[in-house]
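Read the structure below first, then the notes.
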Amino acid sequence: MRWTSFFLAAVLSAGEWPQFRGVNSSGVSDEKNLPVEFGPSKNVVWKTPLPPGHSSPVFSKTQIFLTAFTPEKIFVIALDRKSGKENWRREVPRPVKAEHHKSNSSASPSCATDGENVYALFNDFGAISFDAKGKERWRHAMPNINNPFGLGTSPVLSGKTLLINIDAESGSFFVALEKDSGKQIWRRERPDFTRGFSTPVLWKPANEPEQVIIAGSYALTSYSVATGEPIWWINKLTWQLKPTPVLDKDTIYVLGWAGGSDEGAQENVADFGEILKVRDTNKDGKLTKEEIADDRLTKDWAALDLDRTGFVEERDWKMYQRRKAVVNAVNAFKLGGRGDMTESAVKWRYYKSLPNVPSPLLFDGVIYLMKEGGILTALSAADGKVLKQGRLTGALGDYFSSPVAADGRLYVVSHEGKVVVLKPGAEWEILSVNPLNEGVNATPAFVDGRIFIRTHENLYCFAKQN
């Protein structure tokens, strides 16, 4: 079994793919005998039409779970794992139609499953759980999430605990729910975090209780799964975190890219008190657009006025100040410690050709980064040195799906639906480019010797045909 940490190997059971990107979001599977060439008319076992949605398929013992939406409704859908036949579809309450980025959707978070039941998260509602037959078990409303880009994070399970992180412009929080009742176990407020989309990952240190790690704006933070208490943290991450980290033994690899924060773009921004002395003409301790009087700042007013009060206040300005100081990077950090580990945890950083959305993939000692424009970068996991960088000929578009690995190969999917299969390694090679002729945002999954890819119109199941 080819896993990147002892913890992943410990929790794997019966070929499951129980959450976004598989076990602990690693993106790595030990499935074998998968096809290299496939498409709408080649090596198709079945395809099932679905309403749109960006969530990736997850697998219980017998079913496949996804979320979807229509202009008016949101759904959790269960398909038969073997045949792809729809077993049930349940409409979820939709009290609001929340904002989201044009590349996001109302059904982006992937579900989690404990092997029987399903747990779903929606920006327009909150969390909800159904049993294997589609009977609602519980609901946990999360009203008025203030994230204009929409949700990207997915729920994760640790034993009997469901973990959900909601980072938004204001009111950010991390919550643990009892998986069988939906009751809150603990809730940790995160006022210093905004625009987070990353899925939490789990880590079990030797001889210590389990921890859950969140890559958020400005900081990586590890919490106790049992109590929600912060254990250690690493500051100086960039201001918008979309990718989900990956773990390897004593190291966590964290990728973050946000507009205006590439290396060399940093600025020293004066403290709020100094700005008030110059700009606060009516001396009310806050700033209007007219008082700021700087088009460079006010043209994206929503990025300044985080809590939507119509004014820039001290928290808003502090976040802007931090935003102008941080740098985009993929980081290798040593896991563990107590308290602030910002200075001592860094193993290496790499600053160039960074993806916006796709999570990094760690496979056999190599970190793979899949950037828009079809740029694939392979870095040495040991020291961050570039092994190979190049464009994926025939698939040069945007990428929202994250790279995954199985059967000794890499699989990446472009937004326009071209699946590139690669031989991995320091000299990676393209083995095939497989057009699906449908848009793709979701990440592939591997179970039962099959490849599952959700497009904007269908869920495809591919396998070698005898």
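The values are calculated or read from the model by the stated rules, or taken from the named source; none is laboratory data. Only a predicted model underlies this, so the values are computations on that prediction, with no experimental measurement involved. Quick reminder, even Gly has a Cβ in these numbers, built from the backbone with ideal geometry, and neighbours come from all protein chains shown. The area values use the complete protein model at the heavy-atom level, side chains included, leaving out ligands, DNA and RNA. Shrake-Rupley method; radii C 1.70, N 1.55, O 1.52, S 1.80 Å.
Can you tell me which residue within region 347-358, out of those that are free of Cβ contacts under 8 Å to residues at least 40 places away in the same chain and surrounded by 17 or more Cβ atoms within 10 Å (Cβ to Cβ), is farthest from Glu263 (Cα to Cα)?
Trp348
So Leu306 fits all but one of (1) part of a loop (DSSP other than H, G, I, E, B); (2) closer than 19 Å to Leu241 by Cα; (3) at pLDDT 95 or above; what number is the exception?
All conditions are met except number (3).
Look at region 95-107 and say how many of its residues are touching a residue at least 12 places away in the same chain (Cβ under 8 Å), of a type outside the set (Val, Ile, Thr) and either out of contact with any strand residue (DSSP E or B) (no Cβ under 8 Å at 6 or more places or on another chain) or surrounded by fewer than 17 Cβ atoms within 10 Å (Cβ to Cβ) (or both).
The number of residues fulfilling the criteria is 8.
Within region 118-141, can you find the residues that are assigned to a loop (DSSP other than H, G, I, E, B), touching a strand residue (DSSP E or B) at 6+ places or on another chain (Cβ under 7 Å) and surrounded by 19 or more Cβ atoms within 10 Å (Cβ to Cβ)?
Within region 118-141, Asp124, Phe125 qualify.
Have a look at Thr238, Thr244, Thr161 and point out the one that is buried (at least 23 other Cβ atoms within 10 Å of the Cβ), closer than 22 Å to Val76 by Cβ, β-branched (Val, Ile, Thr) and at pLDDT 95 or above.
Thr244
Can you name the number of the only condition in (1) loosely packed, with under 15 Cβ neighbours inside 10 Å; (2) farther than 30 Å from Ala406 by Cβ; (3) modelled with pLDDT of 95 or more; (4) not hydroxyl-bearing (Ser, Thr, Tyr) that Phe311 fails?
(1)
Assuming Leu255 fulfils every condition listed in (1) over 29 Å from Leu304 (Cβ atoms); (2) part of a strand (DSSP E or B); (3) open to solvent by less than 10 Å² (accessible area, probe 1.4 Å) apart from one, which condition is it?
With (1) over 29 Å from Leu304 (Cβ atoms); (2) part of a strand (DSSP E or B); (3) open to solvent by less than 10 Å² (accessible area, probe 1.4 Å) applied to Leu255, the lone miss is (1).
Out of region 420-435, which residues are out of contact with any Lys or Arg (no Cβ under 7 Å at 6 or more places or on another chain) and part of a loop (DSSP other than H, G, I, E, B)?
Result: Gly425, single match.
For the subset of region 359-395 comprising residues that are open to solvent by 20 Å² or more (accessible area, probe 1.4 Å) and in contact with an Asp or Glu (Cβ under 9 Å, 6 or more places away or on another chain), which member is nearest to Ser105 (Cα to Cα)?
Glu372
Are any residues in region 184-198 assigned to a loop (DSSP other than H, G, I, E, B) and either open to solvent by 70 Å² or more (accessible area, probe 1.4 Å) or of a type outside the set (Phe, Trp, Tyr) (or both), and if so, which ones?
Arg190, Pro191, Asp192, Thr194, Arg195, Ser198
Among Leu369, Leu362, which is the only one that is under 17 Å from the mean Cα position of the chain (by Cα) and within 26 Å of Lys204 (Cβ to Cβ)?
Just a single option satisfies the conditions, and that option is Leu362.
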